[in-house]
Amino acid sequence: MEKIIDKVIIEGVEFTVIEKEKTIYAGAYSVAPDLNSEPNFEGCLTDEEVINTVKDSVTPDCLLVLSIDYALDRDIAERPFAMLRGQETTNPTQPEGIYVLEAEPTTLIKVQSTDAAWALTKKLNGLENPQWHMAPLFTLIRSIFESEKYGYELNICKQNGNEETEYYYFNGDKYVTVPVKKIK
């Protein structure tokens, strides 16, 4: 369940601040073999198999990608990068081969992948649209909202499952979310 608590428009780009209840993610999961590598989904379920296998999906029109531990400083990281490609669900009990990750309640900031969002990303962060993922939009959100003006900081913790996430809707819409918390 999500509750919109604010909308901020910057240079034609809408950022939505959302309160999100505990969330269950289910899908294919892969961990990099070491701290300097990327996860490899070879041998995991395909995106289509994940979509057809996740029980009680609440995002049946979407494939999402959680970027696990990517926001942590590699110099102090204790775990290698991991990713979950899947969907949100209401059911923590899933078929064999489907990994389940539970995220604690958090605040998220969401932005849609649009030409305006990519132009703002280029302007503020010098990052281009790589076409095959949307990770630079995480940087856009963090560079704007992790500031005195907005007063947020990243809310990623090894135990709570809150991670930066890409949402790929089957109608072509794409969004990213970044978990945040107010700076005290």
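The values are calculated or read from the model by the stated rules, or taken from the named source; none is laboratory data. Only a predicted model underlies this, so the values are computations on that prediction, with no experimental measurement involved. All Cβ positions, even for glycine, are placed from backbone atoms using ideal geometry, and neighbour counts span all protein chains on display. Ligands, DNA and RNA are excluded from the accessible area calculation, which covers all protein heavy atoms including side chains. Shrake-Rupley method; radii C 1.70, N 1.55, O 1.52, S 1.80 Å.
Figure note: V111, V100 ranked by solvent-accessible area, largest first, 1.4 Å probe, ligands and nucleic acids not counted: V100, V111.
Between T46 and N91, the simple label model (points 7 Å from Cα in the Cβ direction) yields a spacing of 2.3 nm. If you take the square roots of the eigenvalues of the alpha-carbon gyration tensor of the range 45-92 and sort them as a ≥ b ≥ c, do you get rounded (a/c under 1.5), prolate (a/b over b/c) or oblate? Here the range 45-92 falls in the prolate category. Taken per residue, the accessible surface of the chain reaches 53 Å², heavy atoms only and a 1.4 Å probe. For the range 38-47, 3J(HN,Hα) computed residue by residue from phi via the Karplus equation (6.51, -1.76, 1.60; θ = phi - 60°) reads 9, x, 10, 8, 4, x, 8, 4, 6, 4 Hz, glycine and proline entered as x. Structure shown: which of K123/K149; K110/K184; K55/K123; K7/K122; K22/K174 lie over 30 Å apart, alpha-carbon to alpha-carbon? Violating the 30 Å Cα-Cα cut-off are K55/K123.
Here the accessible area of the range 58-178 is 51 percent carbon and sulfur, with a 1.4 angstrom probe and all protein chains present. Extension gain for Y150-K55 works out to 30.4 nm (0.36 nm per residue, less the C-alpha to C-alpha distance).
Working note: Cα atoms of the chain, range along each principal axis, descending, whole Å: 46, 35, 35.
Relative contact order of the chain, taken over Cα pairs closer than 8 Å and 6 or more residues apart, is 25 percent. In percent, rounded to a whole number, the relative contact order of the range 68-135 is 16, using alpha-carbon pairs under 8 Å and six or more apart. Here the accessible area of the range 8-54 is 44 percent carbon and sulfur, with a 1.4 angstrom probe and all protein chains present. Rounded to the nearest 10 degrees, the inclination of helix 115-125 to the longest alpha-carbon principal axis of the chain is 70 degrees.
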